[in-house]
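Asker: Sharing a structure below in structure tokens format, with a few things to ask.
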Amino acid sequence: MTMLADRPKELSVLDCCEALGTSRATHYRFEAVKDVVEAAPDSAQVLKPHFRALSEPERAEVLNILTSERFCDDAPREVYATLLDEDQYHCSISTMYRILGANSAVKERRSLRPLRVATPCLYRTGIACHKAQRGLVLGYHQAQGA
């Protein structure tokens with residue numbers, strides 16, 4: 001696609017694409033990606049926060065509320081409902097989780113490994129010629145890795 005960028009101005013994109021055996025859509029898609037990459041901000045450039053984002057004092061206030069003795073054992077959803085009952089609104093539930101996550105105050109509560117429990121199953125007692133001789137016995141699978 002860089003060959004099309006170096007094409008003489010007399011040649012159209014259509015003629016060049018036909019000569020190369022490529023689609024014009026491919027050329028324009030490549031150009032769009034190149035423009036986005038060139039327009040990307042430098043890592044040193046600081047982006048402005050969204051105009052509705054909480055300021056640092058507001059985030060600190062929400063963090064203080066969530067980690068206070070009153071709410072230290074409650075989930076953000078419960079804190080949100082309690083504060084709404086008291087006619088106080090600070091931020092959404094998801095924002096509360098984001099603030100807690102940014103301060104490493106939220107963790108996975110479920111067990112990371114599944115419980116290894118023996119599960120009931122049916123076993124055949126043997127192979128027999130007649131249906132009357134066949135039987136099923138209730139047994140237990142052994143937990144894998146136990």
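Values in this text are rule-based calculations from the coordinates and carry no lab data. Keep in mind the model is a prediction, meaning the values are calculated, not measured. Neighbour counts run over all protein chains shown; Cβ positions are idealised from the backbone, glycine included.
Asker: What FRET efficiency do you get for R29 and D6 if R0 is 22 Å and r is their Cβ-Cβ distance, rounded to the nearest 0.05? Intermediate results must be reported in sequence, preceding the final value.
Answerer: Numbers: r = 18 Å, r/R0 = 0.84.
Calculated value: 0.75.
Asker: Further question: For the stretch 56-102, give the magnitude of the charge dipole about the Cα centre (Cβ charges: +1 Lys/Arg, -1 Asp/Glu; no others), in debye to the nearest 20. Spell out each step's value before the answer.
Answerer: Values: 4 positive and 10 negative charges, 51 e Å.
Here the size comes out at about 240 debye.
Asker: A further question follows. Among H90, H50, which comes first, second and so on when ranked by fewest other beta-carbon atoms within 10 Å? Could the numbers behind the result be given before it?
Answerer: On the way: H90 17, H50 7.
So the ranking, lowest neighbour count to highest, is H50, H90.
Asker: Something else about it: Divide the volume of the convex hull of the Cα atoms of the stretch 56-102 by its number of residues and quote the answer in cubic angstrom per residue. Don't skip to the end; give the middle numbers.
Answerer: Values: hull volume 3.1 nm³, N = 47.
About 66 Å³ per residue, rounded to a whole number.
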